[in-house]
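Undergrad: Take this structure first; my questions come after.
The values are calculated or read from the model by the stated rules, or taken from the named source; none is laboratory data. Because the structure is a prediction, the values reported are computed rather than measured. Quick reminder, even Gly has a Cβ in these numbers, built from the backbone with ideal geometry, and neighbours come from all protein chains shown.
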Amino acid sequence: MSSATLRVELGSRGYPIHIGAGLIDRAELFAPIVSGRTAAIVTNDVVAPLYAERLERALASAGSRTLRIVLRDGEAFKTWESLNAIYDALLASQADRRTVLVALGGGVVGDLAGFAAATYQRGIAHLQVPTTLLAQVDSSVGGKTAINHPLGKNMIGAFHQPGAVIADTATLATLPPREFAAGLAEVVKYGAIRDRDFLAWIEANAERLHARDPEALAHAILCSCEIKAAIVAEDEREAGVRALLNFGHTFGHAIETGAGYGAWLHGEAVAAGMVMAAELSSVMGHLKKTEVSRVRDLLRRAGLPIKGPALAPERLMELMALDKKAAKGKTRFVLLESIGRAVLRGDVDEGRVREAIVAAAQ
């Protein structure tokens, strides 16, 4: 696949997702949003030396004046301080409501830039230019933006859809192995919750994906984005089916918070969380043990951790009580009724949750 485009159907707020190699240089993809406007690139000190100049050239060719805002890299910096650094730069440059923020980086940059766009002068446009696998298949699509709070991940944020997502798959060549594997966790998630045939394809092509085969990667990214775009179009603000995208995330967010932001990458925590969620699905009588083993084995083959950090079950449960999917004081969990079919449950006994956490550590 040289390039492909699909669309998130949200009426007047719908937008394209462009996927392919070399897209960061294609001015015509940026022009509909940035032409005649100031484009403020929000990036970090790892990505900026790799891609910022190329993006600036494309934006200039698209008819935009550019501004660069460089943040520190890592989940530990997804904070008020980083958000204020974006506001400070925008105010210092006298950015107005016609300014477009362009997020160049992974999920942390995308969340920060998106949240800044949602709130600066009560809302301005933004574009997502994801450079990590996790961001290309998941966090850049759907309009979720946030910063972390010491007591919980992504607790302060807003829904704010981008004007476009431009996913240049060639940027994945510079991704460190650990970051690349973290993105595969979200790819596995899509098959597990929504498409058993896609999960079977991932199993059959795990080695090609791990080796970053361009054709296999392009297919995985396209399929993942198709699944997410369809779910977001159906339930933009997570009132129903969109919550299923959080399979493994209730446990995973607790792992990230409990271990300290940045100690575990998001995808690593989600991988361990998916094993816990699969075990809980089995404990609840839904998932066969052979299917739990499929999830475990596939995540292991992807180079991901399948056991969480040394946190007591009680500590994980305490942190999960703060999860955004909680309702009426009850933690709700995304469980698998079978591979490819997920459900949200709010009637899970704490004893069973503890049992699942212990089983996942075996």
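Undergrad: Just checking, which of Glu318, Glu337, Glu279 is surrounded by fewer than 20 Cβ atoms within 10 Å (Cβ to Cβ), part of a helix (DSSP H, G or I) and not small (Gly, Ala, Ser)?
TA: Glu318 is the lone residue from the list that is surrounded by fewer than 20 Cβ atoms within 10 Å (Cβ to Cβ), part of a helix (DSSP H, G or I) and not small (Gly, Ala, Ser).
Undergrad: Let me ask another. Just the residues that are touching a Lys or Arg at 6+ places or on another chain (Cβ under 9 Å) and surrounded by fewer than 19 Cβ atoms within 10 Å (Cβ to Cβ), please, taken from segment 158-174.
TA: Correct list: Ala158, Phe159, Ala173.
Undergrad: Kindly establish whether Arg178 is more than 20 Å from Gly105 (Cβ to Cβ) and among the charged types (D, E, K, R).
TA: Criteria not met by Arg178.
Undergrad: Which members of segment 116-157 meet the condition of being surrounded by 24 or more Cβ atoms within 10 Å (Cβ to Cβ), of a type in the set (A, V, I, L, M, F, W, C) and more than 12 Å from the chain's Cα centre (by Cα)?
TA: Listed by number, the residues that qualify are Ala116, Ala117, Leu127, Val129.
Undergrad: Quick check on my filter: what residues within segment 1-54 are touching a Phe, Trp or Tyr at 6+ places or on another chain (Cβ under 9 Å), over 15 Å from Pro162 (Cβ atoms) and not in a helix (DSSP H, G or I)?
TA: Thr43, Asn44
Undergrad: Still on this structure: Which of the strands (runs of 3 or more DSSP E) found entirely inside segment 78-163 contain at least 1 residues meeting this: among the polar types (S, T, N, Q)?
TA: Strands (runs of 3 or more DSSP E) meeting the threshold: 125-130, 144-149, 152-159.
Undergrad: If you don't mind, another one. Any idea which of Ala269, Ala239 is part of a helix (DSSP H, G or I) and either out of contact with any Leu (no Cβ under 6 Å at 6 or more places or on another chain) or modelled with pLDDT under 95 (or both)?
TA: That would be Ala269, the only listed residue that is part of a helix (DSSP H, G or I) and either out of contact with any Leu (no Cβ under 6 Å at 6 or more places or on another chain) or modelled with pLDDT under 95 (or both).
Undergrad: Yes or no: Val270 over 16 Å from the mean Cα position of the chain (by Cα), aliphatic (A, V, I, L, M) and surrounded by 20 or more Cβ atoms within 10 Å (Cβ to Cβ)?
TA: no
Conditions tested, residue by residue: (1) in contact with a Pro (Cβ under 8 Å, 6 or more places away or on another chain); (2) of a type in the set (Phe, Trp, Tyr); (3) farther than 29 Å from Gly267 by Cα.
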residue: Leu6; (1), (2), (3): yes, no, no
residue: Gly14; (1), (2), (3): no, no, no
residue: Gly22; (1), (2), (3): no, no, no
residue: Val42; (1), (2), (3): no, no, no
residue: Leu50; (1), (2), (3): no, no, no
residue: Leu55; (1), (2), (3): no, no, no
residue: Ala60; (1), (2), (3): no, no, yes
residue: Ser64; (1), (2), (3): no, no, yes
residue: Arg98; (1), (2), (3): no, no, yes
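Conditions (1) in contact (Cβ under 8 Å) with a residue 40 or more places away in the chain; (2) among the hydrophobic types (A, V, I, L, M, F, W, C), marked per residue:
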| site | (1), (2) |
| --- | --- |
| Ile221 | yes, yes |
| His253 | yes, no |
| Glu268 | yes, no |
| Ala271 | yes, yes |
| Gly329 | no, no |
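Undergrad: Inside segment 69-94, can you point out the residues that are among the hydrophobic types (A, V, I, L, M, F, W, C), under 20 Å from the mean Cα position of the chain (by Cα) and surrounded by fewer than 19 Cβ atoms within 10 Å (Cβ to Cβ)?
TA: Across segment 69-94, the qualifying residues are Ala76, Trp80.
Undergrad: Which of the residues that make up segment 225-241 are under 11 Å from Ile193 (Cβ atoms) and either buried (at least 17 other Cβ atoms within 10 Å of the Cβ) or among the polar types (S, T, N, Q) (or both)?
TA: Matches in segment 225-241: Ile227, Lys228, Ile231.
Undergrad: Also: Output the qualifying pairs, or none if there are none: Cβ atoms under 9 angstrom, residues six or more apart or on different chains, first residue in segment 340-353 and outside the structural domain of Val295 (by TED's automatic domain parsing) and farther than 15 Å from Ala326 by Cα, second residue buried (at least 16 other Cβ atoms within 10 Å of the Cβ) and of a type in the set (Phe, Trp, Tyr).
TA: Within 9 Å, no pair qualifies.
Undergrad: Scan segment 215-226 residue by residue and report those that are under 15 Å from Trp201 (Cα atoms) and within 14 Å of the chain's Cα centre (by Cα).
TA: If the condition is that a residue be under 15 Å from Trp201 (Cα atoms) and within 14 Å of the chain's Cα centre (by Cα), then Ile221, Ser224 are the ones that fit.
Undergrad: Still on this structure, please answer the following. Taking Met274 as meeting all but one of (1) in a loop (DSSP other than H, G, I, E, B); (2) modelled with pLDDT of 95 or more, write down the number of the exception.
TA: Every listed condition holds for Met274 apart from (1).
Undergrad: Just to be sure before I move on: is Arg65 at pLDDT 95 or above and more than 21 Å from Ile147 (Cβ to Cβ) in the structure I sent?
TA: yes
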